[in-house]
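First comes the structure, then the notes that go with it.
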Amino acid sequence: EAGVAQSPRYKIIEKRQSVAFWCNPISGHATLYWYQQILGQGPKLLIQFQNNGVVDDSQLPKDRFSAERLKGVDSTLKIQPAKLEDSAVYLCASSSANQETQYFGPGTRLLVL
Amino acid sequence: AQTVTQSQPEMSVQEAETVTLSCTYDTSESDYYLFWYKQPPSRQMILVIRQEAYKQQNATENRFSVNFQKAAKSFSLKISDSQLGDAAMYFCAYHSGGGADGLTFGKGTHLIIQP
């Protein structure tokens, strides 16, 4: 069974530029999560989708971050415009509906200069 | 809101020895799940072990076992026969019961394996 896929693996941009990350969850997993992990900290939930609907986006900085999950499968996370403090690893995870165990992708390392 | 605390920023153990990583959490819920994830330098989070709060029996997965003390809100991870490949960041995480929710993570413990 294929795991969670993410791309790109690395991205370097300058502040005020925009960037987008892509995630493909494990086949059949209804729930998809985006986490932000700043260096030296544990991951923090940004947004959670159930199929193509948003369940929780309370910690998403909506003035610059947006996310969508088309057709309840793939998801994209966008930052526009990026700030220096957005430098982090962005992790995507998925789980079966109403299941607690989440499986993570390899992450995207973002560096904002 | 739930909080997860890992009080050991770094731990070191000799290869083949046993090491215990500590985790405490705060919650008012009675139904929840606890996890340990391993994060090597590649940054991918790998599930090590999970524990359901309603189960009294401590979870085990090969060389990995937990000591779950519900009343004390403690959830430690024991790694037996430590191997060089165990070197990584280890994160303790909490999940509310009753459905799919985001995980609340601790700050992690950096585990060093001395050859």
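The values are calculated or read from the model by the stated rules, or taken from the named source; none is laboratory data. Values in this document were obtained by computation on a predicted structure and should not be read as measured data. Virtual Cβ from ideal backbone geometry, glycine too; neighbours counted across all protein chains shown. Just so you know, the surface numbers come from the protein's heavy atoms only, side chains and all, with ligands and any DNA or RNA stripped out. Shrake-Rupley method; radii C 1.70, N 1.55, O 1.52, S 1.80 Å.
Hey, rough spin-label estimate for A:ILE12 and B:GLU10, points 7 angstrom out along Cα→Cβ, what's it come to in nanometres?
Rounded to a tenth, the inter-label distance reads 2.7 nm.
Could you report the accessible area of B:PHE105 in Å², rounded to 10, computed with a 1.4 Å probe on the protein chains as they sit in the structure?
We get 20 Å² for B:PHE105.
Ordered by residue, what ³J(HN,Hα) values in Hz, to whole numbers, does region B:74-79 give under the Karplus form 6.51 cos²θ - 1.76 cosθ + 1.60, where θ = phi - 60° and Gly and Pro are x?
10, 8, 9, 10, 10, 10
Counting only Cα, what are the radius of gyration and maximum Cα-Cα distance Dmax of region B:37-105, in Å?
12.9, 37
Report the full-extension gain for the segment B:GLU29 to B:LYS73: residue separation times 0.36 nm, less the Cα-Cα distance, to one decimal in nm. Walk me through the numbers before you get to the answer.
Values: separation 44, 0.36 × 44 = 15.84 nm, distance 1.12 nm.
Length gained, B:GLU29 through B:LYS73: 14.7 nm.
Please list the non-local residues whose amide H lies under 5 Å from the amide H of B:MET11, H modeled 1.01 Å from N, same-chain partners needing a gap of 5 or more.
B:HIS110, B:LEU111, B:ILE112
For the interface of A with B, what's the total buried accessible surface in square angstrom, probe 1.4 angstrom, rounded to the nearest hundred?
Details: alone 6370 and 6370 Å², together 10930 Å².
The summed interface area works out to 1800 Å².
Could you tell me the calculated FRET efficiency between A:LEU39 and B:THR18, based on Cβ-Cβ distance and R0 = 25 angstrom, to the nearest 0.05?
Details: r = 30 Å, r/R0 = 1.18.
E(calc), rounded to 0.05, equals 0.25.
Semi-axes, largest first, in whole Å: what does sqrt of 5 times each Cα gyration tensor eigenvalue give for chain B? It would help to have the intermediate numbers written out before the result.
Numbers: eigenvalues 114, 42, 30 Å².
Over the Cα atoms of chain B, the semi-axes work out to 24, 14, 12 Å.
Taking θ = phi - 60°, what integer Hz values does the Karplus form 6.51 cos²θ - 1.76 cosθ + 1.60 yield along region A:38-49, in sequence order, with x for Gly and Pro?
So the J values, rounded to whole Hz, are 7, 3, x, 10, x, x, 10, 5, 9, 7, 10, 10.
For a quick check of understanding: with a 1.4 angstrom probe and all protein chains in place, what accessible area in square angstrom does A:GLU85 have, to the nearest ten?
Accessible area, nearest 10 Å²: 110 Å².
Between B:GLU52 and A:SER58, how many nm apart are label points set 7 Å from Cα along the C-beta direction?
2.6 nm
How many angstrom lie between the C-alpha centres of region B:64-103 and region B:1-50?
Spelled out, the Cα-based centre of one part sits 4 Å from the other.
Of all the C-alpha pairs in region A:1-84, what % are more than 15 Å from each other? Working shown, then result.
Details: 2110 of 3486 pairs.
Tail of the P(r) past 15 Å holds 61 percent of the pairs.
When you look at the Cβ of every residue in A:31-37, what mean number of other chain Cβ atoms sits within 10 Å? Display every interim value, and only then the final one.
Numbers: counts 4, 1, 4, 1, 4, 0, 6.
If you average over the peptide's residues, the count of other-chain Cβ atoms is 3.
Can you pull the three principal axis extents for the Cα set of the protein assembly as shown, in Å, largest first?
48, 39, 34
Once the convex hull of the C-alpha atoms of region A:22-71 is built, how many Å³ does it hold per residue, rounded to a whole number?
In region A:22-71, the Cα hull volume divided by residue count equals 97 Å³.
Treating only the Cβ atoms of Lys and Arg (+1) and Asp and Glu (-1) as charged, compute the dipole magnitude of chain B about its Cα centre; round to the nearest 20 debye.
60 debye
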